[in-house]
Each structure stands twice: as structure tokens, then as C-alpha cells.
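Visitor: Pasting in a structure now, in C-alpha cells, and then I'll have a few things to ask.
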Amino acid sequence: MNHLVVYAHPHADSFNHAILETTVNALKAKGHEVNVRDLYALNFQPVLKAEDTAAMRAGQTPADIQAEQDLISKADVITFIYPIWWTGMPAILKGYVDRVFSYGFAYASSDEGIVKLLTGKKGLMINTHGTPKEIYDQIGMTAGLKITTDTGIFEFTGIEPVEHLLFGSVPYVDDAARKEMLKQVEQTVQAKF
């Protein structure tokens, strides 16, 4: 299988980076092809501009958007790895979705409604946050995060969400707890793919 991993964290020594390494290693160990798009390392330009949409309407997709769309087109599985900041994804990743998951590429419309143009692909979300998981579960934040990403991005475009891992209290737990989280990442990747 061809896996596209879209990663958004600015620090190379972050726990999210450990999740990225664990994911990539588990996939490669099973013989999968993996392409990582580290949005910060790429200095991805996240702002959707009027000239971007005008160019796409004219059939002249900007090169940086086209490059990402080509990788998505080739991928069987798309994985997003990122921290939850202010109850959402980092701006650079939101901008990636805004620019790359564009009308005419990821979705379209017809007389029957929305046409899901990425049907047949699978999706995996892996997130970290500082709030204890139990609190996010109790206040409905966990469910809200899953709706906005699994449903609002993946399902809306036809990508089948296979799992959404959310790890809470990450800055406050000990290394043993983080190792257990990484073990869960590895086991999920092995079981799903």
C-alpha cells in the first residue's frame, strides 16, 4: 500500500515526532511505501489566496498545490499526525486542507449533492493534547474533534476513516505512559494496515 503521512508539528524533538517515527517504522516493517509531508520542514504556505482559487478555476493549479494533490491521488491511505491546539489543528495543517482538498479535486457537486472524489482511500488521524482524555470525553470535545476531521474532512471527500487516536495529558505523563501510547500507535498501524 502507498501511505501519505501529513505531519504538522514545529519541533523535531516533540512527542508528535515520536508518533511519526513509530508510524513510519511500523508501516515500512510491513513493506508499505511511505511518503511523509512534514509541513513545517517544507515551509508549506497555508494561506488560500484569491489567485489560488482563480488559477484552479482556470485549470492551472499552482505547483505547490498540484504536488500535494498528486501525492494524495497516488496514496491508498492518508494519515494526519498533529497536536490539538485551541481545540483544533495547527494553522499550517488547516491551510493544507484549505488549499489542497480543493473543489474539483477532493469533492465536487452535482444535482444529487456532494460528489466525493477521494472515494476508495482510507484515513487515519493521530492527535495529542494536554487536557486529560477523560475531560475531553466528558465535555464532548473528543466527539467534536472526530466530527470535524473524520466526518468533515475525510468522509466529506470519500476517505474512509479507519481509526482516530487521541492521546491526552501528553505533556504531563511520564515516559512509561508515552511508551504505552507509542505501543498503541504501532499496534493500530499493524492491525489496520
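Visitor: Calculate one ³J(HN,Hα) per residue across region 34-46 by plugging θ = phi - 60° into the Karplus curve 6.51 cos²θ - 1.76 cosθ + 1.60, and present them in order as whole Hz with x for glycine and proline.
Guide: 10, 10, 9, 10, 7, 4, 6, 4, 7, 6, 4, 7, x
Visitor: Got a sec? How would Met141, Met1 order by Cβ neighbour count within 10 Å, fewest to most?
Guide: Neighbour counts put them in this order, fewest first: Met1, Met141.
Visitor: Also, I was wondering about something else. Treat the count of other C-beta atoms within 10 Å as a stand-in for reagent exposure and order His164, His9 from fewest to most.
Guide: His164, His9
Visitor: Pull out a ≥ b ≥ c, the square roots of the eigenvalues of the alpha-carbon gyration tensor of region 58-98, then state rounded if a/c is under 1.5, prolate if not and a/b is larger than b/c, and oblate in the remaining case.
Guide: Because a/c hits 1.5 or more and a/b fails to exceed b/c, region 58-98 counts as oblate.
Visitor: Still on this structure, please answer the following. Where does helix 91-100 land angle-wise versus the long Cα axis of the chain, in degrees 0 to 90, nearest 10?
Guide: The two axes meet at around 30 degrees.
Visitor: Under unit Cβ charges (Lys, Arg +1; Asp, Glu -1), what dipole magnitude, rounded to 20 debye, does the chain have relative to its Cα centre?
Guide: Computed about the Cα centre, the dipole is about 140 debye.
Visitor: To the nearest Å, what is the center-to-center distance of region 154-182 and region 33-68, using C-alpha atoms only?
Guide: First find each Cα centre; the distance between them is then 26 Å.
Visitor: When the helices in the chain are scored as -39500 (n - 2.57) per DSSP H run of 4 or longer and the sum is shared across all residues, what 222 nm value do you end up with, to the nearest 500 deg cm²/dmol?
Guide: After summing the helix terms and dividing by residue count, I get -12000 deg cm²/dmol.
Visitor: Which of Leu48, Trp86, Val6 sits farthest toward the positive end of the charge dipole of the chain, with +1 on the Cβ of Lys and Arg and -1 on the Cβ of Asp and Glu?
Guide: Working it through, the farthest residue towards the positive pole turns out to be Val6.
Visitor: Now for a different question. For region 2-192, what size does the Cα cloud have along each of its three principal axes, sorted from largest down, in whole Å?
Guide: 53, 39, 31
Visitor: Please report Glu155, Glu180, Glu51 as a ranked list, fewest other C-beta atoms within 10 angstrom at the top and most at the bottom.
Guide: With the fewest neighbours first, Glu155, Glu180, Glu51 line up as Glu51, Glu180, Glu155.
Visitor: Something else now. Using amide H atoms built 1.01 Å from N in the peptide plane, name the residues 5+ places from Val5, or on other chains, whose amide H lies under 5 Å from its own.
Guide: Asn35, Val36, Arg37, Thr79
Bear in mind these aren't lab numbers, they're just calculated from the coordinates by the rules spelled out. Keep in mind that what you see is a predicted model, and the values were worked out from it rather than measured. Neighbour counts are summed over all protein chains in view; Cβ atoms, including those assigned to glycine, are modelled from backbone coordinates with ideal geometry.
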